[in-house]
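Peer 1: Here you go, one structure.
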Amino acid sequence: MNRLVDQQIRRNTETRYGWQHFAFHRDQVANLIAGNDCPRGGSLCVFGAGNCNDLDLSRILACFAEVHLVDIDSEAMLSGVAAQGVADHAAIRLHGNLDLTGICALVSQWRPASPVDDQQINQVIEAVKCANTCPLEESFDVVASVCLLSQLIEPLVDTLGDQHPRFLELLRLVRFGHLQQLVQSTRVGGTAILITDFVSSETAPEIASASQQELPSLLAQLIERRNFFHGMNPAVLMNSLCNDPLLSQHVGFAELLAPWVWDFGVRHYAVAAIRFQRL
C-alpha cells in the first residue's frame, strides 16, 4: 500500500464525524462556491473533496447541473455523499483514486531518515511535468480547490525536509502544478477558487480566539514573522497567479478575499481564498 494514501485515508476517517465542528468553515466555502454572485447552472469541479465535511452539498447541488468531486480517497467521498443524503443525486460525479500531483507513489517510497538523491528527485520532477493539467480531461464553469494545496506540499516537508538543498525547487514545482491544474480545468470565462489553510493554532494559538475583525491584522503579523505553512503565503500564491508568465495570461480579474478561521476540532486553521476569472 502507498503510505501517503494510507495517511490521508486515516485522516479522513478521523474527521468523518466532524460535521458540527466544520459548520462555519463549511458556510464560508459554500458562500464562495454557491453564493449569490456565483453563476447558476453549468458545472462545478471540487479538488480535495475528501469526506465532504467542508461542502454543503445540498446547497451546492441547488446551483449546478453537474457537481464533480475529486479526491485520492474514494471511500471518503462515498461516505461523505451518503452522510449528506445525496449519494443517488443525478448531478453528482465522483472521481476517486486520483493523485493530482502524479508523484504520490514516488514520494511514498522516501523516508525521512534516508537520504534522497538527485536521481530520485529528478524522477519526481519529470512526473510532475507529465501530470495532466486537466486531470479529468475536461473543463468546468467553476473549479474550486478546497484546502488541498497544503496537503500536496506536506509530504515533501515530512519526507524530504525543508533543509534539503532541492526542497524549495520541488515545493515550487508542486505548487505551480496545482495552480496550473486549477487554471486549465476552468472554462474560458469561468471562475476558479483556491481555498487554502495556511497556518494553524499549533504554531499560532491566538488564531483560535481571534475575532473576524482582528483576524486580518493578526495574520499579517504572522506572515511577517514567517509563521505559516511552507509555500502557503497567500500573497505569494496571489502573485504567482497574477504575475507568472505561464499562468497570468489565463487569469483575469483576481481577488484575495477576507480570511476566516476553520475550527477543525483538535486545532484551528486560518484559511485564505483567491477567486479569479479564467481568460
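The values are calculated or read from the model by the stated rules, or taken from the named source; none is laboratory data. Note that the structure is a prediction, hence the values are computed from the model and not measured. Reconstructed Cβ throughout: ideal geometry from the backbone, glycine too, with neighbour counts over all protein chains shown. With ligands, DNA and RNA removed, areas are computed over all heavy atoms of the protein, side chains included. Shrake-Rupley method; radii C 1.70, N 1.55, O 1.52, S 1.80 Å.
Peer 1: Counting just the residues of the range 1-49 that are assigned to a strand (DSSP E or B) and of a type outside the set (Phe, Trp, Tyr), which one comes out farthest from the chain's Cα centre (by Cα)?
Peer 2: From the range 1-49, those assigned to a strand (DSSP E or B) are 43-47; that's our starting set.
Keeping just the survivors that are of a type outside the set (Phe, Trp, Tyr) gives 43-46.
Numbers: Ser43: 19, Leu44: 15, Cys45: 12, Val46: 9 Å.
Of everything passing the filter in the range 1-49, Ser43 is farthest from the chain's Cα centre (by Cα).
Peer 1: Out of all the residues in the range 34-51, is one or more in contact with a His (Cβ under 6 Å, 6 or more places away or on another chain) and crowded, with 20+ Cβ neighbours inside 10 Å?
Peer 2: Going residue by residue through the range 34-51, those that are in contact with a His (Cβ under 6 Å, 6 or more places away or on another chain) are 45.
Narrowing the set further to residues that are crowded, with 20+ Cβ neighbours inside 10 Å leaves 45.
Within the range 34-51 (the criterion being in contact with a His (Cβ under 6 Å, 6 or more places away or on another chain) and crowded, with 20+ Cβ neighbours inside 10 Å), the answer is yes, since at least one residue qualifies.
Peer 1: Of all residues in the range 52-73 being among the small types (Gly, Ala, Ser) and out of contact with any strand residue (DSSP E or B) (no Cβ under 7 Å at 6 or more places or on another chain), which is surrounded by the most Cβ atoms within 10 Å (Cβ to Cβ)?
Peer 2: From the range 52-73, those among the small types (Gly, Ala, Ser) are 58, 62, 65; that's our starting set.
After this cut, where a residue has to be out of contact with any strand residue (DSSP E or B) (no Cβ under 7 Å at 6 or more places or on another chain) as well, the list is 58, 62.
Numbers: Ser58: 13, Ala62: 11.
This residue is Ser58.
Peer 1: Sticking with this structure for a sec: Cys52: in contact (Cβ under 8 Å) with a residue 40 or more places away in the chain and assigned to a loop (DSSP other than H, G, I, E, B), yes or no?
Peer 2: Working: in contact (Cβ under 8 Å) with a residue 40 or more places away in the chain: no; assigned to a loop (DSSP other than H, G, I, E, B): yes.
Criteria not met by Cys52.
Peer 1: Hey, does the range 32-48 have a residue that's modelled with pLDDT of 95 or more, under 25 Å from Gln184 (Cβ atoms), out of contact with any Lys or Arg (no Cβ under 9 Å at 6 or more places or on another chain) and of a type in the set (Lys, Arg)?
Peer 2: For the range 32-48, residues modelled with pLDDT of 95 or more, under 25 Å from Gln184 (Cβ atoms), out of contact with any Lys or Arg (no Cβ under 9 Å at 6 or more places or on another chain) and of a type in the set (Lys, Arg): absent.
Peer 1: While we're here: Give just the number: which of (1) modelled with pLDDT of 90 or more; (2) farther than 20 Å from Glu66 by Cβ does Arg93 not satisfy?
Peer 2: (2)
Peer 1: Restricting attention to the range 62-84, which residues are assigned to a loop (DSSP other than H, G, I, E, B) and either aromatic (Phe, Trp, Tyr) or free of Cβ contacts under 8 Å to residues at least 12 places away in the same chain (or both)? Give the derivation first.
Peer 2: So the first thing to find is which residues in the range 62-84 are assigned to a loop (DSSP other than H, G, I, E, B), and the list is 62-65, 71-73, 84.
Once the filter is applied, which keeps residues that are assigned to a loop (DSSP other than H, G, I, E, B) and either aromatic (Phe, Trp, Tyr) or free of Cβ contacts under 8 Å to residues at least 12 places away in the same chain (or both), the range 62-84 yields only Phe64.
Peer 1: Of all residues in the range 11-33, which are hydroxyl-bearing (Ser, Thr, Tyr) and open to solvent by 70 Å² or more (accessible area, probe 1.4 Å)? Don't jump to the end; show me each part of the working.
Peer 2: Of the residues in the range 11-33, the ones hydroxyl-bearing (Ser, Thr, Tyr) are 13, 15, 17.
Tyr17 - this is the single residue of the range 11-33 that is hydroxyl-bearing (Ser, Thr, Tyr) and open to solvent by 70 Å² or more (accessible area, probe 1.4 Å).
Peer 1: Here's a follow-up. Return yes when Leu100 is in contact with a strand residue (DSSP E or B) (Cβ under 8 Å, 6 or more places away or on another chain), assigned to a loop (DSSP other than H, G, I, E, B) and under 16 Å from Pro155 (Cβ atoms) and no when it is not. Quick ask: steps written out before the conclusion?
Peer 2: Numbers: in contact with a strand residue (DSSP E or B) (Cβ under 8 Å, 6 or more places away or on another chain): yes; assigned to a loop (DSSP other than H, G, I, E, B): yes; under 16 Å from Pro155 (Cβ atoms): yes.
Considered against the rule, which asks whether it is in contact with a strand residue (DSSP E or B) (Cβ under 8 Å, 6 or more places away or on another chain), assigned to a loop (DSSP other than H, G, I, E, B) and under 16 Å from Pro155 (Cβ atoms), Leu100 comes out as yes.
Peer 1: In the range 144-159, how many residues are hydrophobic (A, V, I, L, M, F, W, C), open to solvent by 10 Å² or more (accessible area, probe 1.4 Å) and within 14 Å of Ser108 (Cβ to Cβ)?
Peer 2: Of the residues in the range 144-159, the ones hydrophobic (A, V, I, L, M, F, W, C) are 144, 146-149, 152-153, 156-157.
Checking the rest, the ones that are also open to solvent by 10 Å² or more (accessible area, probe 1.4 Å) come to 148, 152, 157.
The next check asks that each one be within 14 Å of Ser108 (Cβ to Cβ); those that pass are 152.
Count: 1.
Peer 1: Evaluate the range 163-176: report whether one residue or more is of a type in the set (D, E, K, R), touching a His at 6+ places or on another chain (Cβ under 7 Å), outside any helix (DSSP H, G or I) and closer than 30 Å to Gln119 by Cα. Please lay out each step first, then the result.
Peer 2: Keep residues of the range 163-176 that are of a type in the set (D, E, K, R), which gives 166, 169, 172, 175.
Among the residues that remain, those that are also touching a His at 6+ places or on another chain (Cβ under 7 Å) are: none.
No - not one qualifying residue is present in the range 163-176.
Peer 1: Using beta carbons and a limit of 7 Å, which pairs, at least six apart or on different chains, have the first residue in the range 161-183 and touching a residue at least 60 places away in the same chain (Cβ under 8 Å) and of a type in the set (Val, Ile, Thr) and the second one open to solvent by 10 Å² or more (accessible area, probe 1.4 Å) and in a loop (DSSP other than H, G, I, E, B)?
Peer 2: Short answer, once both residue conditions are applied: Val174/Thr101; Val183/His250.
Peer 1: If only one of Thr191, Thr196 is touching a Pro at 6+ places or on another chain (Cβ under 8 Å) and open to solvent by 10 Å² or more (accessible area, probe 1.4 Å), which one is it?
Peer 2: Working: Thr196 fails: open to solvent by 10 Å² or more (accessible area, probe 1.4 Å).
Of Thr191, Thr196, the one residue that is touching a Pro at 6+ places or on another chain (Cβ under 8 Å) and open to solvent by 10 Å² or more (accessible area, probe 1.4 Å) is Thr191.
Peer 1: Out of Phe176, Phe198, Phe167, report the one residue that is aromatic (Phe, Trp, Tyr) and at pLDDT 95 or above.
Peer 2: On the way: Phe176 fails: at pLDDT 95 or above; Phe167 fails: at pLDDT 95 or above.
Just one listed residue meets the conditions, Phe198.
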